[in-house]
Amino acid sequence: DTGVSQNPRHKITKRGQNVTFRCDPISEHNRLYWYRQTLGQGPEFLTYFQNEAQLEKSRLLSDRFSAERPKGSFSTLEIQRTEQGDSAMYLCASSLAYGPQHFGDGTRLSIL
Amino acid sequence: AQSVTQLDSQVPVFEEAPVELRCNYSSSVSVYLFWYVQYPNQGLQLLLKYLSGSTLVKGINGFEAEFNKSQTSFHLRKPSVHISDTAEYFCAVIGSGSRLTFGEGTQLTVNP
């Protein structure tokens, strides 16, 4: 059983650079979610897709953030002009329409 | 909107002792409730879920939780913990929509 896969596991970049993360969900899952987790906190919702449609976005998702799921399979999350406050773990999850969400191991972003 | 409060940020216990991790939620609509576990540098693993039916739900690794609607609680319990249970535990809720709302987590530390 292949779980949710996220790449890269770690990303170190300089402030002001753009970064892109990839998430491959469990193959039969039609919903895909992005969350952000800062140190010592629970994950916070960013956005979710049903198939290729982005159905909900959190107010945390500023205009520097964009997420896509072009063919309803994998998804990418891009952050433009990164800031110190973007340092966090970015978690992806997938689910069937009314099933529990299954999480990947996350991408840890560090901004120098 | 939903919110989750985990009443203890840290819970130290000795091996083979019982443990209870407390979770309270607030919501104006019916909710689904979840407990997830997170080991260092990993994503979240689903321990158990309450969707409907019996208020006592059993999960993996010997954990169970009881949904109490009148007290808006969903406390997690295990009768005898092991060293390997040391991890961060998150309570989460879904109300309207599909986003998970998490508590701030409880660090369970099992000492020999």
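Quick check on my filter: what residues within the stretch B:42-88 are within 10 Å of another protein chain (Cβ to nearest Cβ) and closer than 28 Å to A:H10 by Cβ? First the steps, then the outcome.
Of all residues in the stretch B:42-88, those within 10 Å of another protein chain (Cβ to nearest Cβ) come to B:42-46, B:48-49, B:51, B:88.
Those that are within 10 Å of another protein chain (Cβ to nearest Cβ) and closer than 28 Å to A:H10 by Cβ: B:Q42, B:G43, B:L44, B:Q45, B:L46, B:E88.
Among the candidates A:L60, A:L46, single out the residue that is under 13 Å from the mean Cα position of the chain (by Cα), within 12 Å of chain B (Cβ to nearest Cβ), at pLDDT below 95 and under 30 Å from B:S9 (Cβ atoms). Break it down into steps so the answer makes sense when it comes.
Details: A:L46 fails: at pLDDT below 95.
None of the others qualify; the one that does is A:L60.
Those residues that are facing chain B (nearest Cβ under 9 Å) and assigned to a strand (DSSP E or B), I need them from the stretch A:29-43; list them, please.
Just the residues of the stretch A:29-43 that are facing chain B (nearest Cβ under 9 Å), to begin with: A:31, A:33, A:35, A:37, A:40-43.
Within the stretch A:29-43, A:R31, A:Y33, A:Y35, A:Q37 meet the criteria.
Please verify whether A:Y90 is within 13 Å of another protein chain (Cβ to nearest Cβ), open to solvent by less than 10 Å² (accessible area, probe 1.4 Å) and either within 20 Å of B:F90 (Cβ to Cβ) or out of contact with any Ser or Thr (no Cβ under 7 Å at 6 or more places or on another chain) (or both), treating the condition exactly as stated.
Answer is yes for this residue.
Would you please name the residue that is nearest to B:N41 (Cα to Cα), looking only at residues in the stretch B:78-108 that are touching a Pro at 6+ places or on another chain (Cβ under 7 Å) and open to solvent by 50 Å² or more (accessible area, probe 1.4 Å)?
That would be B:I83.
Go through B:Y32, B:Y39 for me and flag whichever is within 14 Å of chain A (Cβ to nearest Cβ), open to solvent by 70 Å² or more (accessible area, probe 1.4 Å) and in contact (Cβ under 8 Å) with a residue 40 or more places away in the chain. Reasoning before the result, please.
Working: B:Y39 fails: open to solvent by 70 Å² or more (accessible area, probe 1.4 Å).
None of the other options fit; the residue is B:Y32.
Can you tell me which condition A:R36 does not meet? The list is (1) surrounded by fewer than 21 Cβ atoms within 10 Å (Cβ to Cβ); (2) without any contact (Cβ under 8 Å) to a residue 60 or more places away in the chain, and all the others hold.
(1)
Step by step: first the residues of the stretch B:7-29, then only those that are within 24 Å of A:G40 (Cβ to Cβ) and part of a loop (DSSP other than H, G, I, E, B), then the one that is least open to solvent (accessible area, probe 1.4 Å). Which residue is that? If you could, list the steps in order and put the result at the bottom.
Residues of the stretch B:7-29 within 24 Å of A:G40 (Cβ to Cβ): B:7-13, B:19-26.
Then keep just the ones that are part of a loop (DSSP other than H, G, I, E, B); that gives B:7-9, B:22.
Working: B:L7: 79, B:D8: 39, B:S9: 85, B:R22: 88 Å².
Filtering first and then ranking leaves B:D8.
So for the stretch A:98-110 (the condition being in a strand (DSSP E or B) and small (G, A, S)), does at least one residue qualify?
Applying the first criterion (in a strand (DSSP E or B)) to the stretch A:98-110 yields A:102-103, A:107-110.
This time we only want the ones that are small (G, A, S), so: A:110.
Among the residues of the stretch A:98-110, at least one is in a strand (DSSP E or B) and small (G, A, S), which makes the answer yes.
Being open to solvent by 30 Å² or more (accessible area, probe 1.4 Å), within 11 Å of the chain's Cα centre (by Cα) and not basic (K, R): is that true of B:E66 here? Let's see the steps before the verdict.
Numbers: open to solvent by 30 Å² or more (accessible area, probe 1.4 Å): yes; within 11 Å of the chain's Cα centre (by Cα): yes; not basic (K, R): yes.
In short, yes.
What are the pairs, 6+ residues apart or on separate chains, where a residue within the stretch B:66-93 that is in contact (Cβ under 8 Å) with a residue 24 or more places away in the chain and more than 15 Å from B:Y50 (Cα to Cα) has its Cβ under 8 Å from a residue that is open to solvent by 30 Å² or more (accessible area, probe 1.4 Å) and part of a helix (DSSP H, G or I)?
Cβ pairs passing all conditions: B:K78/B:N61; B:K78/B:G62; B:P79/B:G62; B:S80/B:G62; B:D85/B:N61.
Any idea which residue in the stretch A:42-80 is most open to solvent (accessible area, probe 1.4 Å), counting only those that are of a type in the set (D, E) and over 21 Å from B:G103 (Cβ atoms)?
Taking the stretch A:42-80 as the starting set, the residues that turn out to be of a type in the set (D, E) are A:44, A:52, A:56, A:63, A:68, A:78.
With the extra rule that they be over 21 Å from B:G103 (Cβ atoms), the set shrinks to A:52, A:63, A:68, A:78.
Details: A:E52: 111, A:D63: 135, A:E68: 108, A:E78: 55 Å².
Among those residues, the one meeting the criterion is A:D63.
The values are calculated or read from the model by the stated rules, or taken from the named source; none is laboratory data. As the structure is a computational prediction, the values presented were derived from the model and not from experiment. No Cβ is skipped: glycine too gets one built from the backbone with ideal geometry, and neighbour counts run over all protein chains shown. Quick note on the areas: whole protein, heavy atoms, side chains included, nothing else; ligands and nucleic acids left out. Shrake-Rupley method; radii C 1.70, N 1.55, O 1.52, S 1.80 Å.
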